[in-house]
Amino acid sequence: MRILNASGCLDALAAPDVARQLDAFVTKTVTPLPREGNAPPRIAETAHGMLNAIGLANPGRESFLADHLPRLRELGVPLWVSVGGFCADDYAETCSALADLEAIELNLSCPNVDEAADSAAEIVAACRRATELPLYAKLSAAHTDVAEVARAVAAAGADGLSLINTLRALALDKRLRPALARGSGGLSGPSLKPIALHAVSVCHEATGLPIVGMGGIETGRDALEFAACGARDVALGTVLFADPGAPARVRSELAAECADAGVVKPEDTRTLSKSPETEAKVPA
Ligand SMILES: Cc1cc2nc3c(=O)[nH]c(=O)nc-3n(C[C@H](O)[C@H](O)[C@H](O)COP(=O)(O)O)c2cc1C
């Protein structure tokens, strides 16, 4: 099981030592044109996790390719580039400009922009025609049936899935006004974990594709639960803001959790989560 960062949760150029703890670094989502993102405040703490409405702030494709990407390569960590846009062509054009990466993650699920995107499968199909690099489709759990979306992107040529993005949510300040300037934002952190585990489990069942699981992972035990539900790899997001040492810590905790569970590799827990004994203990 590899440990990655969740897109947008680590600035590798500002914190190279954190990035070097990872098995691969995932960039913040890159869009064709530069974006300043939403007005501040765009991050708020809640009792249930972090709320953000960054709004895909990024330098845009040209500056990313000319300036950021060469500097990221110097870190010596395998790279994934997160690609965003507002129509299938936006995504495909960026994909065709990328090379020498471990993978591309297609952000099909940002809750903080107003523009409606083409369908997830349409975008994946356009990107599939544009690149031979492995394509991971990052989905939201806000669909009634996330497994159906997973099946559609698999049929369109996705090589893997990243699950899940933040979920749209609202927090109020003391004066009962939205804590974020934009109003609602995306909720991340521990409260996402049960939702993410469900998404990983049903999408694994539906597609069998490799999955990067994320959503509230803070410990080795959390990572092991994602493996038990079908994740091949995991990504750390919100936890990195509080604990920059999380990748190394989670990796060593994961090894200890595997030993406790009596498995050699995290993936070996998959049969445990499916055993009739376990199912019998879970109330309907
Ligand atoms: C401040 C912040 C910025 C984010 N930016 C992006 C982004 O640019 N692209 C993306 O696909 N996801 C983005 N995400 C979502 C994370 O990659 C991740 O899917 C989500 O936070 C769930 O994981 P976590 O609970 O471990 O944070 C962002 C999350 C946060 C908290």
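Each value in this text was obtained by applying a stated rule to the coordinates, not by laboratory testing. What you are looking at is a predicted structure, and each value in this text was computed from that prediction instead of being measured. Note that each Cβ is placed from the backbone with ideal geometry, even for glycine, and that neighbours are counted across all protein chains shown.
Among SER191, SER109, SER162, which one shows the biggest mean-square fluctuation in a GNM of the chain, springs joining Cα atoms closer than 10 Å?
SER191
Using DSSP loop states and a limit of at most 16 other Cβ atoms within 10 Å to flag trypsin sites (Lys or Arg not before Pro), what is the longest stretch of the chain containing no flagged site?
Longest stretch, sites excluded: 21-173.
Does region 69-174 come out rounded, prolate or oblate, given a ≥ b ≥ c as the square roots of the eigenvalues of its C-alpha gyration tensor, rounded meaning a/c under 1.5 and, failing that, prolate meaning a/b above b/c?
Verdict is oblate for region 69-174.
What residues qualify as long-range amide H neighbours of GLU105, i.e. H under 5 Å apart, gap of 5 or more or another chain, H built at 1.01 Å from N?
Counting only residues 5 or more places away or on other chains, the set is VAL81, SER82, VAL83, TYR136.
Past 23 Å, Cα to Cα: identify those pairs from LYS138/LYS174; LYS193/LYS265; LYS28/LYS174; LYS28/LYS265, in the order given.
LYS138/LYS174; LYS28/LYS174; LYS28/LYS265
Can you bin region 18-87 into rounded, prolate or oblate? Criterion: square roots of the alpha carbon gyration tensor eigenvalues sorted a ≥ b ≥ c, rounded for a/c under 1.5, prolate for a/b above b/c, oblate for the rest.
The shape class here is oblate.
Which of the GluC sites (Glu not before Pro) across region 27-107 are loop residues per DSSP, with 15 or fewer other Cβ within 10 Å?
When the GluC sites (Glu not before Pro) of region 27-107 are filtered for loop state and at most 15 Cβ neighbours within 10 Å, GLU36, GLU74 remain.
Need one number: nm distance between label points at ASP67 and ASP11, each 7 Å from Cα along Cα→Cβ, rounded to one decimal.
1.3
Answer rounded, prolate or oblate for the chain, using the Cα gyration tensor with square roots of eigenvalues a ≥ b ≥ c: rounded when a/c is under 1.5, else prolate when a/b is larger than b/c, else oblate.
rounded
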